[in-house]
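For reference, the structure is listed below as structure tokens.
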Amino acid sequence: MATGVFSEGRAKISERTLRTDKWWIQPLITVAVLFSFIVYATWRALENAHYYAEPLISPFYSPCLSTTCVSGSSLLGTPFGHIIVFGMVLSPAFIILIFPLGFRMTCYYYRKAYFRSFWMSPPACAVAEPHAKYTGETKAPLIVNNGHRYFFYIGLVFNTLLTIDAILAFKNPQGQWGHMSLGTVVLLLNATFLWGYSASCHSCRHAIGGRLRHFSKHPFRYKAWTVVSRLNQKHQNFAWVSLIWVAFSDFFVRMVSLHPTWNKYFF
Amino acid sequence: MARTLKLRIWRGDDKTGALQDVTVEANHGEVVLDIIHRVQATQMGDLAVRWNCKAGKCGSCSMEINGKPRLACMTQISAYGEEETITITPLRAFPVIKDLVTDVSYNYKKAMEIPAMEMPAGMKPGEPRMQQVDVERSQEFRKCIECFLCQNTCHVIRDHEENKKSFAGPRFFIRIAELDMHPLDILRNRKKTAQEEHGLGFCNITKCCTEVCPEHIKITDNAIIPMKERVADEKYDPVRWLGSKIRRREEVL
Amino acid sequence: MTLEKYKYDVVVIGAGGAGLRAAVEARDAGLSVAIVCKSLFGKAHTVMAEGGAAASMGNVNDNDNWMVHFRDTMRGGKFLNHYRMAELHAKEAPDRIWELEMWGALFDRTKEGKISQRNFGGHEYPRLAHVGDRTGLELIRTMQQRIVALQQKDQRETGDAEKNLKVFAEVTITEILKENGKVAGAYGYRRESGEEILFEAPAVVIATGGVGKTFKITSNSWEGTGDGHALALKAGANLVDMEFLQFHPTGMVWPLSVKGILVTESVRGEGGILTNSLGERFMFKYIPDVFKDKYADNPEEADRWYLDQDNNRRPPELLPRDEVARAINSEVKAGRGTEHGGVFLDVSKRLSAEVIKKRLPSMWHQFYELAGVDITKEAMEVGPTCHYVMGGVEVEPDTAAAVGVDGLFAAGEVAGGMHGSNRLGGNSLTDLLVFGRRAGMGAVEYVKSHGANPASDATIQKASAKIEAPFARTGGENAYSLHQELQEITHNLVGIIRTGAELKEAIEKIADIRKRSANISVTGDRKFNPGFHLAFDLDNMLLVAESTAKSAILREESRGGHTRDDFPGMNSTWRQVNHISSFDGEKVNIKAQELPALPKELFDLFDVHELEKYMTSEEIAKGGSK
């Protein structure tokens, strides 16, 4: 039976949409960028190499928790030994990437991005979606999206670790403090963008003050809420720039691991 | 008369209908509603269209112009190219009555399902004291002019007629948020009912409601997502749930 | 076609602020109520009110009280107001505002958390409760939600939300039914289907709003076609002082399509200044003698007033609306207008962009989207627009009962008397609430003492035949073109500035259109047919225009919303006269009626020297009635 815009009683119009603008460009770009990122990240995680070039560690591999990690890269030690899957050693990237991935999968911004572009639900406003049924986030697995805040909290731990990585990048390859290189800048920016992404998160906005009923009784939290609210308007920008920069940071570390001279030291 | 405009206007009723081509004169600075009125006065005396204030304040002249849900009184014809044909149809999420007029009674039914504001018992007129910062969030939602463009564009019901019975739609999520954030409203089960009765969980944050809102209310960021977070506090966050059992804090908040 | 029939205790025609308030009152008293409106529920013209609702709560300046408000209202109306209405309004307005708050309205707040109040033309103290510049929307939404709340209560108690309180949206009422000389109900048709509908009820409250669509340039929406005025006239009630129309000084003048759309007075309240094309702040030239001691005569003092209101006089931009409208009209006529025939209104010099967007959000939005003007940077172009009719159904102040027809009540803009010859900004929203409630109370009392009064079949058939008529004709007049003709006549001959000769011409021309309108034919069928709808609206507008023109030609003075080029002065003898319109089935007749004199206790609220400017020496000598 016809549903949606073709339902009984609605204006009989045969087109799925009458939009004349290029509404499909936006979802197309989203698919292209996200897909490229996934391909690149999967390849890099499988590669299980070239993620550490002292003192730089790729954000895809930090913290490196496996006993297979290259020496010096395990900031938090190797509590799990190593994990074997189908007779192969699991890349340490997979152990941790699940968390940032979860943070982004449940993110209120990325939900818009992937529901529109990958799931086409809907592909664009006032463009009929191809699905016959829709239950949204009322059932498993999408109901998990309601747990975004937990991924947000875990994300804070990762932000802290990646900030430490950026601080460690003030060392030279010999382990002496007080130096700074291109890699330092790359990792500092990486940490900054990730903090920006977390701080502008809707769950953060809620936790910091959004859940309050009377702002006037909590002046400091109100102030913090207004700051987070301003950042929140840029959440989409933080989401993209932090995603792309994480990949770039990894790429940079990989290149330095192959060509140590690429990491120009300023001092 | 500054230019000649080509239009395609949908005419028909709940049984049949089609886009009809019309050519009409247009003046500089006119909006689509002016053009429709000219068509009415000169060519189609019985062309049905709803409108009231013609100033973007009453939300009556909602329709779809080149496929986009818009207020006809706030859509300048100068936004369209000289050669462009402007296609005008009724809202496509609601049953059509005639031409550009749809049956929006769904929205009034949903309005009836949201429990009204409840003041604390014993509070007398003139007694309420509320700080500006405490009312501002709700005030944003009260800017709503009930044009129902958000309801019309929301794919949950636009594309799935069957969801209408269990989904209140963005307009009423901002109403629930308004009341849940109201400094004095005492009804405390709004979060729970938002999820369980009004279908908040259907929303997948694709933000079309915000995109079409002529009042620029940040429906998704300021109402739906905060409500989803508030629902999570009560239903999906075991730590907070435990916390709320140990000490009752909401009164303080 | 089967006739839809309903029986109610009270039928309220109009779902704006007054109608909804009346309905709430009647339902609260236990009666069954139907609310009938021409458009969708919640779209009434009340949403267009921007500035605020005047009530002397004294939240911002505690010198304010009902007596000050009463004085301001009488002054604004040039003492032609019905004193009792002005008194009731001033006394009850604060309660009506506080009650809205209990129903969920969220007004802007003061530091202490009370309802904030803003300055407005003609009000001595900051008095207008407001929400940014969308106060009317807040009011209508609150009332709408109150109706829903009452329906939810009925749902809980009876299982049927609409059993005792139902909204009939998109229904036009074409006739007030009478039986045995008393109201028996209302008859009309559903706009969606064209099908006829009958309401039997012993009491009918008319709350249909204004008549702006009679004019070419107006801030009113399509609904302002004087339906209630005409329904009342035809039912045997009177209209009072229909010559008084308020031209709001600031309507948009450009682009053409938005000509007439309102620019809220709050723009001036927040510090907007008016200048002509020479850059002069011209309002200083137009302060009338009666206001000399209240308004600053130099820019320095006017500017200081925004900071210190106790020691400075207010800027002349905040004079009552009639004065400002006439001033702008004179400037434009003298060739000092803008390119599009208005003057400049600028708020960008005094306030920062951020403050403007916060305090005047919908104005910013309106100019930005409709005219491409950023009011935080540039001046607006504005000119007078037909905004409000002070005249209306003659009512008993305490019960809002229409004089001459048992069972008929009127409240809001459609009722006359409250505002005299000129309404102050902000007084209309509280007028709606105060007299909406009183009309509801009046209807309740009437229904309880009178009981049902069924309509006879003959009465019903007569009403039905009228609706059928336009379809029976073919090749007759086109309602759209007749409407345009009428608007040209009223605009050119019954506008802001009037003369006896022009009014005479207008009366003849209106009579001619009336004759031709009897021959209107309609194309298409009954289903949502705007041409068919207009045929009825036009009939109402013609009656209103006739009443206005005939009242105007008799009043040989200039006062408030009535300016005669041939009689430029205000005349104390004319102040004692109300013009009462009645309808004999063919034409509108006007008679002069003496205005009720101020009782002593209200008389004594004024400085006698002020009263001397308005009253004759005999009236002053009497010192008010006992």
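Every number in this text was worked out from the coordinates using simple rules, so none of it is lab data. None of these values were measured; they are calculated from a predicted model. Cβ atoms come from the backbone with ideal geometry, glycine included; neighbour counts cover every protein chain shown.
A few points about this structure:
- Cβ-based exposure ranking for C:Lys285, B:Lys15, in which fewest neighbours within 10 Å come first: B:Lys15, C:Lys285
- Estimated from helical segments only, the mean residue ellipticity of chain C at 222 nm is -11500 deg cm²/dmol, where each DSSP H run of four or more residues counts as -39500 (n - 2.57).
- Helix-only CD estimate at 222 nm, as mean residue ellipticity for chain B, using -39500 (n - 2.57) per DSSP H run (n ≥ 4): -8000 deg cm²/dmol
- In chain A, helices alone account for a calculated mean residue ellipticity at 222 nm of -16000 deg cm²/dmol, with every DSSP H run of four or more residues adding -39,500 (n - 2.57).
- Distance violations [Cα-Cα > 19 Å] among A:Lys133/B:Lys165; B:Lys109/B:Lys164; B:Lys164/B:Lys235; C:Lys504/C:Lys550; C:Lys114/C:Lys349: B:Lys164/B:Lys235; C:Lys114/C:Lys349
- Counting every other Cβ atom within 10 Å of each residue's Cβ, C:Asp322, B:Asp46 order from fewest to most as B:Asp46, C:Asp322.
- Placing unit charges on the Cβ atoms only, positive for Lys and Arg and negative for Asp and Glu, gives the range B:182-253 a dipole magnitude near 380 debye about its Cα centre.
- Loop-resident sites, the range C:354-437, for trypsin sites (Lys or Arg not before Pro), counting at most 14 other Cβ within 10 Å (DSSP): C:Lys377
- Set of lysines with alpha-carbon distance to A:Lys171 below 23 Å, sequence-local pairs under 8 removed: A:Lys264
- Per-residue mean of foreign Cβ neighbours for A:145-154 is 4 (Cβ atoms of other chains, 10 Å radius).
- Entry note, the range B:50-95: relative contact order of 35 percent, from Cα contacts under 8 Å with a spacing of 6+ residues.
- Rounded tilt (10° steps) of C:427-450 against the dominant C-alpha axis of chain C: 30
- Computed log₁₀ I(q)/I(0) - Debye formula, equal Cα scatterers, no solvent, the range B:1-109, q 0.12, 0.14 Å⁻¹: -0.38, -0.51
- Comparing B:Met181, B:Met227, B:Met112 in a Gaussian network model of chain B where C-alpha atoms under 10 Å apart are linked, the largest mean-square fluctuation is found at B:Met112.
- Scoring C:125-132, C:507-514 by mean Cβ neighbours within 10 Å over their residues and listing the highest first yields C:125-132, C:507-514.
- Cα extents of chain C along the three principal axes, largest first (Å): 70, 57, 54
- Highest-fluctuation residue, B:Gln132, B:Gln40, B:Gln76 considered, GNM on chain B with Cα pairs under 10 Å: B:Gln132
- Separation of alpha-carbon centers, the range C:195-242 and the range C:266-320, rounded to whole Å: 37
- Gaussian network model of chain B, Cα within-10 Å springs - most flexible of B:Ala177, B:Ala41, B:Ala26: B:Ala41
- Peptide B:4-16 has a mean of 2 when you count, residue by residue, the C-beta atoms of other protein chains within 10 Å of its C-beta.
- The distance linking the range C:346-413 with the range C:426-468 is 27 Å (Cα centroid to Cα centroid, whole angstrom).
- Average other protein chain Cβ within 10 Å of Cβ, residues B:102-114: 3
- For chain A, complete DSSP H runs whose alpha carbons reach 18 Å or more along their own long axis and whose mean Kyte-Doolittle score is -1.0 or higher are A:25-47, A:92-105, A:148-168, A:182-199, A:219-232, A:235-258.
- log₁₀ of I(q)/I(0) at q = 0.11 Å⁻¹ - the range C:254-383, Debye sum with one point per alpha carbon: -0.37
- Cut-off of 10 Å, at most 14 other beta carbons, DSSP loop: longest stretch of chain A lacking such trypsin sites (Lys or Arg not before Pro): A:23-132
- Computed magnitude of the charge dipole of the protein assembly as shown (debye, nearest 20; Cβ of K, R +1, Cβ of D, E -1): 3500
- Lys, Arg +1 and Asp, Glu -1 on Cβ, resulting dipole of the range C:214-321 about Cα centre, debye, nearest 20: 360
- The residue among C:Gly236, B:Ser138, C:Gly30 whose Cα reaches farthest toward the positive pole of the charge dipole of the protein assembly as shown, with charges on the beta-carbon of Lys, Arg, Asp and Glu, is B:Ser138.
- Cross-link pairs B:Lys57/C:Lys38; C:Lys448/C:Lys591; C:Lys292/C:Lys358 - those with Cα-Cα distance over 22 Å: C:Lys448/C:Lys591; C:Lys292/C:Lys358
- Loop-located chymotrypsin sites (Phe, Trp or Tyr not before Pro) in the range A:171-206 (DSSP state not H, G, I, E or B) with no more than 15 neighbouring Cβ atoms inside 10 Å: A:Trp177.
- Sorted by Cβ neighbour density within 10 Å, fewest at the top, the residues A:Phe37, A:Phe103: A:Phe37, A:Phe103
- Relative to the dominant Cα principal axis of chain C, helix C:83-102 is inclined by about 80°.
- For the range C:254-383, with +1 on Lys and Arg beta carbons and -1 on Asp and Glu, the positive-most of C:Val373, C:Leu256, C:Phe344 along the dipole: C:Leu256
- The residue among A:Val89, A:His50, A:Ala140 whose Cα reaches farthest toward the positive pole of the charge dipole of the protein assembly as shown, with charges on the beta-carbon of Lys, Arg, Asp and Glu, is A:Val89.
- At most 10 other Cβ within 10 Å, DSSP loop - GluC sites (Glu not before Pro), the range C:281-372: C:Glu339
- When each of the peptides C:208-215, C:532-539 is scored by how many other beta carbons lie within 10 Å of its residues on average, the order from highest to lowest is C:208-215, C:532-539.
- Where no second cysteine Cβ lies under 4.7 Å, the cysteines concerned in chain B: B:Cys61, B:Cys73, B:Cys144, B:Cys147, B:Cys154, B:Cys203, B:Cys213
- 0 to 90° range, to nearest 10: angle between helix C:17-28 axis and chain C longest Cα axis: 60
- Debye-sum result for chain A in log10 I(q)/I(0), which assumes one identical scatterer on each alpha carbon, at q = 0.08, 0.12, 0.13 Å⁻¹: -0.43, -0.86, -0.97
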